[in-house]
Each structure stands twice: as C-alpha cells, then as structure tokens.
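All remarks here apply to the structure that follows.
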Amino acid sequence: MSYLELMSSEEQAWVNTTLDKVREKMAWVSDKSKMKIPYTTVDGVHTDKMKESPLKANGVNWWTNGFWPGLMWQMYYDTKDQRYVEVANIAEDYLDECFYMYYGLHHDVGFMWGPSSVVNYRLTGNVESRKRALHAANLLAGRFNLDGRFIRAWNDFDDPDTDTRGWAIIDCMFNIPLLYWASEETLDPRYRQIAMAHADTVIENFIRPDGSSEHIVEFDPNTGEKVKTYGGQGYADGSSWTRGQGWALYGFMMSYNHTKEQRYLDTAKKVANYVIANIPDSGLIPIDFRQPSQPDVEDSTASAIFACGLIEIAKVVPEMEKPLYMKAALKLLKALEEKRTDWTKAYDGLLTHCSSSYHGPQVHISMIYADYYFVEAMYKLKGDDLYIW
C-alpha cells in the first residue's frame, strides 16, 4: 500500500522529489561504480571491496557486499532500466569467489546473498542465483547450535585470540530471512525451524524489559547456558548501540512477515517504542542512545534501518496506531535527506555521518548499506519498494 495518504501535501511532494533525486544520482553512480562492490568512499569516490584482501572476512567476503546489488535491484524494480540488472549481476558473480574460498564465510551470508541472489531469482528466474542462495542458506543453517538454539557469529580464524564458539549477535535477525526464504522455496521446514528458534532465543536473551537490545551474547557452546554480554560496536556493555536496535526492530518485523507469529510483532513494537522515545529533536541518531555527550558520534545507517522497520510496522497495526510509526519514520528520513545526504557528483555515496562502531576509527563516513536502507525506505513511503527480505 501507499502511505502518501497519511502525509500532508508537502510531505507527499517531498517523497516524490526525493525519489527523483535518487533516480538521477543512481543513474550515473551505477555506471561509475559498475565494476566495483562499494563499501565506503575515499575523497568522495566509492572504494572497491574486490581490491582489498580476499582472506578471512575481508575483500569479497565482506559482510556488506550484498547491498550494492540489492540497491541495483531496487532501482531496476522502480525504473525497469536494464543497466541495473547488469551491474547487479556483475557483483553477484564476484561473490562466487566466497564459496570457493570457504574460510571467509560467516554468519552474514543472509546479508550477502539475500539482496543479490534471492532477488535475482525472484525477479528473473535465474536458476544459478537460486542455487547460490540455497547454498548460502545451508551454510547459515550449519552454524546453528542445537543446545543453545542460536546461530553462531564469526569464526575462530577471524580473531584467534577470541573464542567465539558461543557468540550470537543481534545482527543475525537480518540473516535469518534467508532461511525463511529457503523453507518457502523448498518446502523444507528445517530452515524455518532454525530461524524461529534463533529469533526466540533473541527475545529471551537479547531484548531487555525497556525494549533496548544487547549486541553480543555469549552462551556456553556445549550447554547453551547464557554466560555474559558484550557492548560490541556500541559505547559499552549494557548500553544501546542504535544500529543493533535497528536490526532488532526491523528484524523481528521480518520474522513476523514470514511467520505471522504475534510474539515477533509484539517484540518489534516493543523495540520500536523504545527507539521512538529516544529519537532526538534533531531527528539525527547517535551511534549509541546511551553514549556520553562527547564525542557526539552519529550513525545515519541506524536512522535508515529504523525508518524501514517503522514503516513495516505501520503496514500491519490498526489504523489508529499507524500515525505513531509513520510520523517517526518521516522525521528520521526528512532529517537524513535535509541534513545528511549529498546529492552532488563530487560524492558517490548518498548518506553522510555513518559510523561503524563507537570506539572505532570509521566514524562519520559513507556506507553502502546506509544508502541501501535510505532508498528502500523512500520507496516504502511511496508504496513501490521491492520487499527483499
């Protein structure tokens, strides 16, 4: 459905104008970065993950490498311009190297092959894409810990000094849609059972009473007992890493969309209500809701993910509840477009002020997945989005 009817005439005009600017920019950016898999920008120019180290989780194995083809598929779905199919196919073909290497594969295969191969197969019937997506789904299912009922994050060789055998992270709420798709595609319930078991473990062990979420939870890999939590990419253990809140908010909506289980919608709303209560007046989201006032680190990525999830909630709640979630989504997206978007040809990205982690060096940069979620959210407002997940 279109949500234009829930907006003022000025807001409707803004949606249409913003999408026109998206189409104009992506037309030349897609051509300029055609042979790349972008991640961020340096001096305004897209970097290329294909030119970085291919080992472990770097280079072609990098977890965000599905978002560039996903963005191309969003543009194709809107414009029907074949240029976007060509660019998406180039990136998807590059990702085959990950299967050959094996050692660089990790829990984020859903992020990688969901927006690339699953969508390619859905839109074009490409049987090679179906095979790739099912292979990735089997790899993800193989990470399931039966005693702990969670999908393991990372690998021992990523950091030999850290034992991650019992680690699970909130991000995986966005990987399990690959498993739901695999069950729907093959009629094999195993994938769905694993996805739901993981989601239920997250409800019990990650989501706090106030609706905020842990980033990392460590379980005993042999017994499944919860051992401890970690702050991960947020400010500290017990704080509130905003992108993690986004993975939870939108992630549980995806589990609801695939299963119609009420507990997943209830959890998505619980997280969403926490997020809405913590949105600053500026509409610009910090990287952690509980970070100190200085340094004032933002993460535009979290804003865009929030907006997508809030709009998805608005699709299914009663009419009287819709304005709460739509108003919040509009506030976030308008703040991004007006204050944190670069439409010029001096900058290959869209959004600015994206941050990888509170304590890391990559703050206030461009990130391809921020651009992806911003574009997805804008199409959702129009009612024309390609629902990838």
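All of the numbers you see were taken from the coordinates with simple rules; none came from a lab. Just so it is clear, the structure is predicted and the values come from calculations on it, not from any experiment. Cβ: placed from backbone, ideal geometry, glycine included. Neighbour counts: every protein chain shown.
Normalised by 2.2 N^0.38 Å, where N is the number of residues, the alpha-carbon radius of gyration of region 185-293 equals 1.15. Once divided by 2.2 N^0.38 Å, the Cα radius of gyration of region 321-389 becomes 1.23. Our summary gives the chain a relative contact order of 17 percent, counting only alpha carbon pairs under 8 angstrom and 6 or more residues apart. In the chain, the DSSP beta bridges split such that about 100 percent are antiparallel, to the nearest 5.
Compute the normalised compactness of region 9-140: alpha-carbon radius of gyration over 2.2 N^0.38 Å, N being the residue count. Could you put the intermediate results ahead of the total?
Values: Rg = 15.6 Å, N = 132, 2.2 N^0.38 = 14.1 Å.
Relative to the 2.2 N^0.38 Å estimate, region 9-140 comes out at 1.11.
Note on the chain: semi-axes of the ellipsoid equivalent to its C-alpha gyration tensor, largest first and rounded to whole Å, are 28, 25, 21. The percentage of C-alpha pairs in region 153-204 whose separation is greater than 19 Å is 39%.
Report the Stokes-Einstein translational diffusion coefficient (µm² s⁻¹, integer) for region 256-318, Rh taken as the Kirkwood radius over Cα pairs, at 10 °C with viscosity 1.306 mPa s. Intermediate results must be reported in sequence, preceding the final value.
On the way: Rh = 13.0 Å.
For the chosen part, D equals 123 µm²/s.
Per the Cauchy relation, a quarter of the hull surface: what is the mean projected area of the convex hull of the alpha carbons in region 30-94, in nm²? Here the figure is 4.3 nm², rounded to one decimal.
Quickly rank 220-226, 174-180 as a protection proxy: mean count of other C-beta atoms within 10 Å, highest first. Before the final figure, lay out each step's value.
Working: 220-226: 14.0, 174-180: 24.9.
Ranked from most to least packed, the peptides come out as 174-180, 220-226.
Distance between the C-alpha centers of region 169-210 and region 269-325? Whole Å please. Result: 22 Å between the Cα centres. Among 61-70, 164-173, sorting by the average number of other beta carbon atoms lying within 10 angstrom of each residue, highest first, gives 61-70, 164-173. Using a cutoff of 8 angstrom between alpha carbon atoms and counting only pairs six or more residues apart, the relative contact order for region 1-125 works out to 23 percent.
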